[in-house]
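K.L.:
Before I ask anything, here is the structure I am working with.
Please treat every number below as a calculation from the coordinates, not as lab data. Remember, it's a predicted structure, so these values are computed and weren't measured experimentally. Quick reminder, even Gly has a Cβ in these numbers, built from the backbone with ideal geometry, and neighbours come from all protein chains shown.
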Amino acid sequence: MFYRAVLIVSTVFVVYSCSSEGQSNDCQTESEIVDEQGFRAQLMETVAEENAFLDFKMCSQQLCKQILDHTSAMSREEFDELMYNLNNDDYMEAFINKADIKDGLLLLAKTKEKLVINTDILRLNKTEQTQLFLSFSEKRMRVVIKTRSTECNPYDPVETCEERRKSDYAWAQGKADLAIIGCTCLVEVPVVACLCYAAALANYADDIRLAERAYEDCLKSK
């Protein structure tokens, strides 16, 4: 796995750095650094294997799909209005009701709380959280690509654009997950009073639109 690869590379580094005589002090310092790197990699892997993390990801992905289904029917002007009003409580509350995502947001808030309480997700720094969510999303996107095509030709311009598109999708999903984790609303607070989640989903929809635009531009340039 990706996280174990970090540990393997680090172990090779220790063997090499400790091979020289008369450098025991430097070697000890390097070993401590490597131990910390191994610990951080193991911590990420442990969180990724927790049921609470998987439940959160499933809930997040399902809600992202639901928000895309709703926003895809919006005109450019309507979508721009949504993005302009992300900080407008009344507008966003009406958007939540119209998109029929209130129950989904409530479930998302609960799975996020379980993730925070039952795992070490908050012990990871922002960079590590980004790696964790992005790695999970990229793996899912690779599965989608393999399902659509048993043979991938890297020199096919269409497939090249598709690979970039899936990478952009994975990044958008990971970015949304990070934003949701950063929402500070308590689960007891009514979901319509915590618009942070809805804003994260709206921004996800915006990132997907940008990914689609980049995909179209990529195809036109081939």
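K.L.:
How far, in nm, would the chain grow between residue 221 and residue 126 when pulled straight, counting 0.36 nm per residue and subtracting the alpha carbon separation? Write down the numbers at each step before the final one.
P.N.:
Working: separation 95, 0.36 × 95 = 34.20 nm, distance 3.53 nm.
Result for the pair: 30.7 nm of gain on full extension.
K.L.:
Using label points projected 7 Å from each Cα along Cα→Cβ, tell me how many nm separate residue 75 and residue 29, to one decimal.
P.N.:
Once both label points are built, they end up 6.5 nm from each other.
K.L.:
Would you please give the FRET efficiency between residue 42 and residue 185, computed as 1/(1 + (r/R0)^6) with r the Cβ-Cβ distance and R0 = 41 Å, to the nearest 0.05? Before the final figure, lay out each step's value.
P.N.:
Values: r = 31 Å, r/R0 = 0.75.
So the FRET efficiency works out to roughly 0.85.
K.L.:
Further, regarding this structure: Could you grab the relative contact order for the range 59-122? Cα pairs under 8 Å, six or more apart, rounded to a whole percent. Can you show the working numbers first?
P.N.:
Values: 20 pairs, mean separation 27.4, N = 64.
With pairs under 8 Å counted, the relative contact order is 43 percent.
K.L.:
What net charge is computed for the residues neighbouring residue 181, neighbours being all others with C-beta under 15 Å from the C-beta of residue 181, Lys and Arg scored +1, Asp and Glu -1?
P.N.:
So the surrounding residues net to +1.
K.L.:
About the Cα centre of the range 77-119, how large is the charge dipole given +1 on each Lys and Arg Cβ and -1 on each Asp and Glu Cβ? Please answer in debye to the nearest 20. Don't jump to the answer; show the numbers that get you there.
P.N.:
On the way: 5 positive and 10 negative charges, 108 e Å.
It works out to roughly 520 debye.
K.L.:
Once the Cβ-Cβ distance between residue 102 and residue 210 is put in as r, and R0 is 25 Å, what FRET efficiency do you end up with, to the nearest 0.05?
P.N.:
Working: r = 27 Å, r/R0 = 1.07.
It comes out at approximately 0.40.
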